[in-house]
1. Would you say Ala305 is small (Gly, Ala, Ser), surrounded by fewer than 20 Cβ atoms within 10 Å (Cβ to Cβ) and more than 23 Å from Asp468 (Cα to Cα)?
2. Any idea which residue in region 43-84 is surrounded by the fewest Cβ atoms within 10 Å (Cβ to Cβ), counting only those that are at pLDDT 90 or above and over 17 Å from Trp105 (Cβ atoms)?
3. List every residue pair whose Cβ atoms lie under 7 Å apart, where the two residues are 6 or more positions apart in sequence or sit on different chains, the first residue falls within region 420-445 and is of a type in the set (Lys, Arg), and the second residue, located anywhere, is surrounded by fewer than 21 Cβ atoms within 10 Å (Cβ to Cβ).
4. Quick test for you: out of Thr298, Thr303, Thr247, pick the one residue that is more than 23 Å from Asp348 (Cβ to Cβ) and part of a strand (DSSP E or B).
5. Can you pull out the residues in region 86-126 that are within 17 Å of Ser156 (Cβ to Cβ) and surrounded by fewer than 18 Cβ atoms within 10 Å (Cβ to Cβ)?
6. Cβ contacts < 6 Å: first residue more than 13 Å from Glu396 (Cα to Cα), restricted to region 318-339; second residue surrounded by fewer than 24 Cβ atoms within 10 Å (Cβ to Cβ) and among the acidic types (Asp, Glu), any location; separation 6+ or different chain. Result?
7. Please list, ordered by residue number, the strands (runs of 3 or more DSSP E) wholly in region 344-430 having 1 or more residues that are under 24 Å from the mean Cα position of the chain (by Cα).
8. Pairs only if they're at least six apart or on different chains, beta carbon under 7 angstrom, first in region 65-81 and closer than 17 Å to Ile176 by Cβ, second open to solvent by 30 Å² or more (accessible area, probe 1.4 Å) and of a type in the set (Asp, Glu); list them, first residue then second.
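The values are calculated or read from the model by the stated rules, or taken from the named source; none is laboratory data. Values in this document were obtained by computation on a predicted structure and should not be read as measured data. Here Cβ is always computed from backbone atoms with ideal geometry, including for glycine, and neighbour counts include all displayed protein chains. Just the protein is used for accessible areas: all its heavy atoms, side chains included, with ligands, DNA and RNA removed. Shrake-Rupley method; radii C 1.70, N 1.55, O 1.52, S 1.80 Å.
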Amino acid sequence: MEHSPPKFHVLMILVLWTVVTAAFIGIAEGHRHHRRAGGATEVEVFHYAAAGARGCRAHVASLTDFGGVGDGVTSNTAAFAAAVANLSKVAYDGGAMLVVPAGRWLTGPFNLANHFTLFLDHDAVILATQDINEWPIIDPLPSYGRGRDAAGGRYSNLIMGYNLTDVVITGNNGTIDGQGETWWKMFRNKELNYTRGYLIELMYCKQVLISNITLVNSPSWNVHPVYSSHVIVSGITILAPVNSPNTDGINPDSSSNVRIEDCYIVSGDDCIAIKSGWDEYGIAFNMSSKHIVIRRLTCISPTSAVIALGSEMSGGIQDVRAEDITAIHSESGVRIKTTIGRGAYVKDIFVRRMNLHTMKWVFWMTGTYGQHPDDKFDPKAIPVVRNIIYSDVVAENVTMAAKLEGIPGAPFTGICIYNVTAEVVKSKKPIWNCTDVEGVSSHVTPTPCAQIPEYPDRITHCPFPEDDLPVDYVGLEECSYQRTKP
């Protein structure tokens, strides 16, 4: 398959996905320089890190090879579709990379392919069309039973992958702009009959890397890996107005072996929300979110959480490890939210080394959160919340240290809080508000509630897993690709 050559020279460092370790890399660093080759011929050189199966992509093409026009006005929906369709033919012949060069590329939703890299060059902007007719209606997620905003189906997501292996979205810090203002207005005015689409959704996928790009103004959630495994999100920036509705940053959903690291998120909702299905639909689907690592996250979310678990958690959430977290002007550091009818569990949650600045709550958990998809939920489906661990937390300018509210008759248990200092501002609200919870604490200021008593002589630490998950292992291969400007 021949294409006119893209006008760039690329040096790639790609991950070698290994079967034994299911290894991944999340390096997200890119830069560019120019040099002369063969007299006056100019070569544009890119250096960046990405991921790929069995080494480098054997085939590279530019969106312009398929008729793409980056003027911000011309629709590129057909160009993206043609590019992916053509490049998918070489998925098992070394894989392919589609380069989106500098420019403003207006498009409707499009799909990705197996063994495929979408690369956004510096100053490349993918613009989501504001023509609602270009957003087809797709089925609701089976673990939700309906759309999240409204009953029935949902609008397509902008960038989608379904049942794929080895998918990469990366770049030289290019941008994907959802142009969400139109969607936010229609949502607030109750003018939508279906749920808003997400910026990126990968469903039933494995070996996924999203790195070194910027996402702005999503209609709703930004990154949604669902029913997927071995996912890395590394070094991305997510920006949305802090009053934009439901613009969650990264939402692993019924997914396992997920690594999120070195991300900066400003959001109108939770920066990271781990989910696993909604009431009876999630219980029936029965796919948990587990083995999730979150490292070096910076979050700004004045009305929501830095890290949330739930409220849709009916497939279960287990083994979440978060460390080295910074938050500024956010509502709560860690928020666990569930309610009767959800069933399942949230357990083995480990958080350490958080620095929080200007918060409403440091910790918040509740058993009375959220609505139901319909009236068919099981009132006997009582969620279990246990083994929740917080260590080495410093918070300043905080309204309340914690609001911990379990379920009467089904308390949240196994809470351990160690080495936490919260500088609480003067407030009429209680510093600690605890009901139906059980646990222990040590070296915590201000003094915790009676349900989380201090044992400074007995409790010298709260546990944090020291083993590595499969998603932490990586094998590297240095690759190169070169095409010179004529």
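1. On the way: small (Gly, Ala, Ser): yes; surrounded by fewer than 20 Cβ atoms within 10 Å (Cβ to Cβ): no; more than 23 Å from Asp468 (Cα to Cα): yes.
Taking the combined requirement at face value, the residue does not satisfy it.
2. Here is the first cut: in region 43-84, the residues at pLDDT 90 or above are 59-84.
Now drop any that are not over 17 Å from Trp105 (Cβ atoms), which leaves 59-60.
Numbers: His59: 19, Val60: 23.
So the residue we want is His59.
3. Lys429/Thr399
4. Working: Thr303 fails: part of a strand (DSSP E or B); Thr247 fails: part of a strand (DSSP E or B).
Exactly one of Thr298, Thr303, Thr247 is more than 23 Å from Asp348 (Cβ to Cβ) and part of a strand (DSSP E or B), namely Thr298.
5. Residues of region 86-126 that are within 17 Å of Ser156 (Cβ to Cβ), as a first pass: 106-113, 118, 126.
Passing the criteria: only Asn111.
6. Gln318/Asp348; Asp319/Asp348
7. Working: elements: 345-366, 384-405, 412-424.
Strands (runs of 3 or more DSSP E) meeting the threshold: 345-366, 384-405.
8. Short answer, once both residue conditions are applied: Thr77/Glu134.
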